[in-house]
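Here's the structure, in structure tokens; my notes come after.
The values are calculated or read from the model by the stated rules, or taken from the named source; none is laboratory data. Nothing here was measured: the structure is a model prediction, and the numbers come from that model. Don't worry about glycine lacking a Cβ; one is built from the backbone with ideal geometry, like all the others, and counts go over all protein chains shown.
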Amino acid sequence: MRLLVSVCNAHEARMAVQGGADIVDVKNPLEGSLGAPSPDVVRAVRQEVSPGIPLSVAIGDMPHLPGTAALAARGAASLGIQFVKVGLWGSTSRSDGIAMLHAVRHALSEFPGVRLIAVGYADAADLPHRPVSPMMIPEIAASAGADGCMLDTANKSGQRLLDILTPAELRAFVHAARRYGLLVALAGRLQTADLDVIRALEVDIVGVRSAVCYRGNRMGTLDPERVRVWKRLLNPACVG
């Protein structure tokens, strides 16, 4: 399993790499769960991080505006990244989700090295506008030609991923993603206490931010030592 660490700037990116992050994910927590960073920030992170370390960029908790998402994704892809994460915030149906991802996939067609990751919200049922059910994300992602799917939480002051979905529900999500041949990732205020469950699911990517920030504050500063702890605990058999 690869450890994805979300960062806000080039300094944090350096800390994440020092801690052993496998993927550096750039986002802006001030703009939401998947808040989009500025192009200058992405460019600075790319210059800081070795080309051998994949870079991921969140382009936002997207309203249902496929053209807007497509343009944002194309701009992000031009900055030398490997993953684009699209939050299906405004997609309230299967057809909405497919239309959104299809537009983004088309925009990325000139960048064959960039993978599209569809992100659903585990707490979708608690949001007033009811985004598409998280359990539908694998099928939507596959239908639109995305490369992978991820579960996260929209409300970063609310319940955590494992407070919302049971291990059985998460297993069903992972199995569906595998059936469609998708990469599968989990995030959502994960804690080290969740790792036994996460390891048993054998996902491809585990995403963290608050858990690797000082005092567990996602709006705070990254702590490279916490990144090291997560790296070590995520794949204990590979250590030593």
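Some points to look at:
- Taken residue by residue, region 182-201 has no member that is in contact with a Leu (Cβ under 9 Å, 6 or more places away or on another chain), acidic (Asp, Glu) and either within 20 Å of residue 62 (Cα to Cα) or at pLDDT 95 or above (or both).
- Residues in region 214-229 that are surrounded by fewer than 22 Cβ atoms within 10 Å (Cβ to Cβ) and touching a strand residue (DSSP E or B) at 6+ places or on another chain (Cβ under 9 Å): 214, 218, 219, 220, 221, 223, 226.
For every residue, the table says whether it meets (1) farther than 25 Å from residue 174 by Cβ; (2) of a type in the set (Val, Ile, Thr); (3) touching a Leu at 6+ places or on another chain (Cβ under 7 Å).
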site: 15; (1), (2), (3): yes, no, yes
site: 44; (1), (2), (3): yes, no, no
site: 55; (1), (2), (3): no, no, no
site: 89; (1), (2), (3): no, no, no
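- The residues of region 40-66 that are touching a strand residue (DSSP E or B) at 6+ places or on another chain (Cβ under 9 Å) and within 17 Å of residue 118 (Cβ to Cβ), listed by number, are 56, 57, 58, 59, 60, 61, 62.
Residues checked against (1) free of Cβ contacts under 8 Å to residues at least 60 places away in the same chain; (2) of a type in the set (A, V, I, L, M, F, W, C); (3) closer than 23 Å to residue 109 by Cα:
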site: 124; (1), (2), (3): yes, yes, no
site: 127; (1), (2), (3): yes, yes, no
site: 143; (1), (2), (3): yes, no, yes
site: 149; (1), (2), (3): yes, yes, yes
site: 160; (1), (2), (3): yes, no, no
site: 165; (1), (2), (3): yes, yes, no
site: 183; (1), (2), (3): no, yes, yes
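- Taking region 205-231 as the range and being in a helix (DSSP H, G or I), in contact (Cβ under 8 Å) with a residue 24 or more places away in the chain and basic (Lys, Arg) as the test, the residues that pass are 226, 228, 231.
- Enumeration of residues in region 195-240 that are of a type in the set (Phe, Trp, Tyr) and within 16 Å of residue 29 (Cα to Cα): 214
- For the condition under 22 Å from residue 217 (Cα atoms) and either at pLDDT 95 or above or of a type in the set (Ser, Thr, Tyr) (or both), residue 36 qualifies.
- Count of residues meeting criterion [touching a helix residue (DSSP H, G or I) at 6+ places or on another chain (Cβ under 6 Å) and either farther than 12 Å from residue 224 by Cβ or among the polar types (S, T, N, Q) (or both)] in region 10-34: 4
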